[in-house]
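Here's the structure, in structure tokens; my notes come after.
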Amino acid sequence: MKTLISLLVLCSLVGAPFGHAQRIKDLASVQGVRSNQLVGYGLVVGLPGTGEQSPFTEQSFRTMLSNFGISLASGLKPKIKNVAAVAVHAELPPFIKPGQTIDVTVSSIGEAASLQGGTLIQTFLKGLDGNIYAVAQGSLVVSGFGAEGGDGSKIVINTPTVGRIANGALVERAVKSGFMQEDYLTLNLKYPDFSTAKILADTINSRLGADPDKGYTIATPIDAASVRVTAPREVGQRVGFLATLENFEFTPAKAAARVVINSRTGTIVIGQDVRLLPAAITHGGLTVTIAENQTVTQPNALADGETVVTTQSIVDVNLDDTRLFKFDPGVTLDQLVRAVNEVGAAPGDLMAILEALREAGALQGELVVI
């Protein structure tokens with residue numbers, strides 16, 4: 001149970017950056033400055049018999065040979081167990097220029113047993129618009145390993161059908177950036193919040209000498225996710241302006257009170273601002289037994305009196321290691337965790353308790369089940 005306390009308290013500290021000063025570059029990104037995904041289809045050759053003999057691999061192999069002026073007879077079926085059809089993908093960073101290189105990942109899309117020892121031959125990498133932005137080629141580095149015995153038994157370590165080529169693609173086309181297209185820059189918050197957007201704009205205006213009260217503003221919040229900042233049009237000045245701007249520090253607003261439950265793994269994250277309204281919680285079985293026994297009371301032989309029948313009530317409460325806890329208004333995360341620990345609840349029981357509190361209207365915070 002101490003592990004549960006440690007986990008919940010640690011999770012509350014994970015959300016602690018809200019409320020502490022951070023740099024703008026850590027909390028926001030510049031609109032238009034983004035990477036782009038590239039993908040291609042190619043062949044890996046030189047495999048030690050771990051390739052494949054599939055129809056599309058054979059067709060791709062014939063097409064490759066025809067590009068070099070070699071044609072195979074229609075009835076001739078080449079044995080290409082040293083070749084594998086692969087998908088190649090990469091990420092094109094912003095501002096990268098033709099002639100620079102990027103890393104590529106190569107994945108088998110057929111029945112190849114392993115890409116270990118293979119070489120990717122020239123493969124075009126295309127963007128979403130269908131244009132070719134890079135050309136990939138090179139020897140693969142594969143961390144996986146596989147071995148198979150004569151009786152069909154085999155062992156596979158990691159993933160031998162996926163490899164990587166460091167600096168394996170040469171950039172042929174640059175992607176036009178929106179960095180210089182407008183008279184302003186737009187900062188997009190990674191965690192949209194109206195209060196944080198307002199604080200960010202106020203911080204920029206204050207640090208750059210703007211006075212919104214007099215109608216002179218540099219930064220204006222657009223919505224919960226974006227802040228528009230007036231920036232110089234000259235390239236060198238804009239770069240220097242952004243280099244200064246992104247290092248400004250400000251304190252973002254606290255995140256909304258939220259409890260996140262992963263029902264598959266039993267992980268529970270409770271935000272630090274979660275509160276409870278007055279409520280009483282019991283956990284486990286509570287047994288109350290009430291019994292009545294009648295006894296006869298007789299007076300002393302030398303004294304005057306009457307015989308009286310007396311009823312004695314016995315109330316037995318069997319807690320079965322159960323606790324009943326009452327929460328007062330404004331109970332904090334720490335108090336909640338301590339109380340649940342005293343109850344002796346496992347993560348699964350805590351989920352049920354939190355859901356019951358929400359249904360009772362006693363949980364001040366959003367309950368998210370993933």
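Readers should treat all values here as calculations from the given coordinates under stated rules, not as data from a laboratory. Every value quoted in this text rests on a predicted model; they were computed, and no experiment measured them. Methodologically, a virtual Cβ is constructed for each residue, glycine included, from the backbone with ideal geometry; neighbour enumeration extends over all protein chains shown.
Computed quantities for the displayed model
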quantity	calculated
Stokes-Einstein translational diffusion, region 36-171 - Kirkwood Rh over all Cα pairs, 0.692 mPa s, 37 °C, in µm²/s	209 µm²/s
Sorted by Cβ neighbour density within 10 Å, fewest at the top, the residues Asp103, Asp273	Asp103, Asp273
Built amide H within the under 5 Å cut-off of Ser226, gap 5+	Leu189
